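Peer 1: Got a structure for you, questions after.
Please treat every number below as a calculation from the coordinates, not as lab data. Please read all numbers here as calculations on a predicted model, not as lab measurements. With ideal geometry, Cβ positions are generated from the backbone for all residues, glycine too; neighbour counts draw on all protein chains shown.
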Amino acid sequence: MLVADDDLAVRQSTVRILKTLGYVVSEARDGEEVMAKLLDSEVDAVVLDVKMPRRDGISVIEGLDPSPPPPVVLLVSAYDIERQTRARLGTRVHRVLRKPVPPPILIEAVEEAVDLARAARAEVKTRS
Amino acid sequence: MIEVEDSRSGGSHREQSPKSQSLLVLRHSAAARGRTLGVLFFAGGMFALVVVAVPHGDTMDELPVLILALAACVTGGALWFVGPQFSARVLHFTLAFGTAEITLAAYFSHGSGPSVAFAFFYTWVGLYASLFFTPRQAQLHLLVCAAAFASVLVANSESGGPADWVLAMGTTTIVILVVGAIMAELFEAQASLVKKERLSALGELATVVGHELRNPLAAAINDLYFHRMQLAEQVDPVAFSAVTRAEAQINRAAQLSEDLTSYMGEREPQLTEICLDDLIGEVLEVVPPPKGIDVVLESSVPVMADPALLLQVLTNLVTNGYQAMTEGGTLKVASIAEGGGTTIWVEDSGLGFDANVADRIFDPFFTTKDEGTGLGLAIVHRLVERHLGTVTAENAPSGGARVKIWLPGKRTPR
């Protein structure tokens, strides 16, 4: 799992909950860090904040390489996401969550995302 | 079945809301002003006829005064009876236009040379200057202008007799009345603009604060949830209950922040044709149905609305529906073309509205729930109103609550 948010308190509190539930979680402070961590390690799902310095969440999604199954994205935002942007991102975003996200909803979304990512990876392996 | 129509959207069979009461006061005020001005015009005209035109006998010499007096009588009489039907703006415009004509006639009948130009200059400079003063300063300024104007008219006349004085004072009175009315209108408009700007600034501030609060609230919510998870394992009921309470309160604060941001938002709707199926899909993504509740989209027609604002409206109605069905049930959403627009309704299978509170459910901060902010349906009302639509609530035959919104269709440009 990867949790990307420029707000330290939000990032650390989210990571704490997910680690307690048994997930292996890393952190990123901005979009550039997200891209670097995705290159370095295998990540099933990303909890991705939209508004971040250097590179925002939307730009990160648009820069994801689609050929290996990319991580399942849970987009989190304190602001409304424009309808056109949401349509453009399409299935590259599994769910859009509005801050503050109630932890039970986040946990449910993360479980779904991880299941989806593992299923996609298994399918790729079967094909190859 | 209880039919509850919201008075702010045109209902008629319940007490008037404060808003409609204030509109009524405004109308009465405009009517009273129209009637008063009518009486003054009529009285002034009659005075000029009785005191000046009739006793002098020489009709040709006093012809301008006679014409003006008759014009004042007719205008006054008309305003007396018809004036209350007009809006304040129409009334002031009519008076200003009529008086400008009468004043010009007076100038050219009884004045000549540089003093006419001086009278024009003094009067109109005074009128414009008065607009930039406070009401009290403006009234004093107008009185000085009026006195100067009347003196110029009399000094400019050939005889300086009673006819000239009546004409001068009559014209001056009319000018003062009309300018006073126009100034009142302008001050009213200015006050309204200032209020609108303040509300807009307040809305912007609420939006910024609301957004900025989301991160600290998110962190606090996460940490409290984490602590509750930890305490549950340590079997410490007192601490567990304290954290649970704190968590409930912080969630309440988050909801209030969210609702205030939505309620104070001032954005004008950007209308586009929306497919209700797609929008309901987005709503269910934001607020997935709890276990035991099914959401059924019964029928769907396109609707003209701002997607983000209608999403907010439907999210609030769907959330309300969930909260009304604590034992589970079915939430029906449907839309039909009706009355040149689209009617959308959201119906739950809960217990319905209590008849005693049904007429207040759209009021801000009114709630029957322990945890509610009381802004959910107020936001619905406000956003629908911004679309020039209407919203009503009733108990469905099945017993559950049904909220209906009507949104106008495509508007043809004039």
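Peer 1: How many partner chain Cβ atoms sit within 10 Å of a residue's Cβ in peptide A:16-22, on average, as a whole number?
Peer 2: 3
Peer 1: Let me ask something else about it. Just checking the output field for B:247-260: average partner chain Cβ neighbours within 10 Å of each residue's Cβ?
Peer 2: 1
Peer 1: Along Cα→Cβ, 7 Å out, is where each label goes; now give me the distance between the ones at B:R245 and A:L39 in nm to one decimal.
Peer 2: 5.3
Peer 1: Could you estimate the translational diffusion coefficient of chain A from the Stokes-Einstein equation, with Rh from the Kirkwood formula over C-alpha pairs, at 25 °C and 0.890 mPa s, in whole µm²/s?
Peer 2: Taking Rh from Cα pairs, D becomes 167 µm²/s.
Peer 1: Relative contact order of the stretch A:58-128: what whole-number percent is it, with Cα pairs under 8 angstrom and at least 6 residues apart?
Peer 2: It rounds to 38 percent for the stretch A:58-128.
Peer 1: Among B:307-317, A:116-126, how do they line up from the highest to the lowest mean number of other beta-carbon atoms within 10 Å?
Peer 2: B:307-317, A:116-126
Peer 1: Note the full-extension length gain between B:K369 and B:F187 as 0.36 nm times their separation in residues minus their Cα-Cα distance, in nm to one decimal.
Peer 2: Between B:K369 and B:F187, full extension yields 61.2 nm more.
Peer 1: If packing is taken as the average number of other Cβ atoms within 10 Å across a peptide's residues, how do B:212-223, B:330-341 rank, most packed first?
Peer 2: B:212-223, B:330-341
Peer 1: Please count, across chain A, the pairs of lysine residues with Cα atoms under 21 Å apart that sit 8 or more places apart or on different chains.
Peer 2: 4
Peer 1: Test of understanding: ordering A:L89, B:L260 by Cβ neighbours within 10 Å, fewest first, what list do you get?
Peer 2: A:L89, B:L260
Peer 1: Run the simple label-point estimate for A:A120 and B:V357 please: 7 Å along Cα→C-beta, distance reported in nm.
Peer 2: 4.5
Peer 1: On average over all directions, what projected area in square nanometres does the stretch B:347-400 have, based on the convex hull of its Cα atoms?
Peer 2: Average projection, Cα convex hull of the stretch B:347-400: 4.0 nm².
Peer 1: Considering Cα pairs under 8 angstrom that are at least six residues apart, work out the relative contact order of chain A and quote it in whole percent.
Peer 2: Rounded, it is 22 percent for chain A.
Peer 1: Also: Cβ neighbours within 10 Å, averaged per peptide: list B:321-327, B:389-395 in order, most packed at the top.
Peer 2: Highest-to-lowest ranking by the protection proxy: B:389-395, B:321-327.
Peer 1: Separate question: Counting other beta carbons within 10 Å of each residue's own, what order do B:T368, A:T14 fall into, fewest first?
Peer 2: Starting with the residue having the fewest Cβ neighbours, the order is B:T368, A:T14.
Peer 1: Other chains near A:76-87: what is the mean number of their Cβ atoms within 10 Å of each residue's Cβ?
Peer 2: Mean partner-chain Cβ count within 10 Å for A:76-87: 3.
Peer 1: Whole Å is fine, so just give me how far the alpha carbon centre of the stretch B:315-357 lies from that of the stretch B:240-304.
Peer 2: 13
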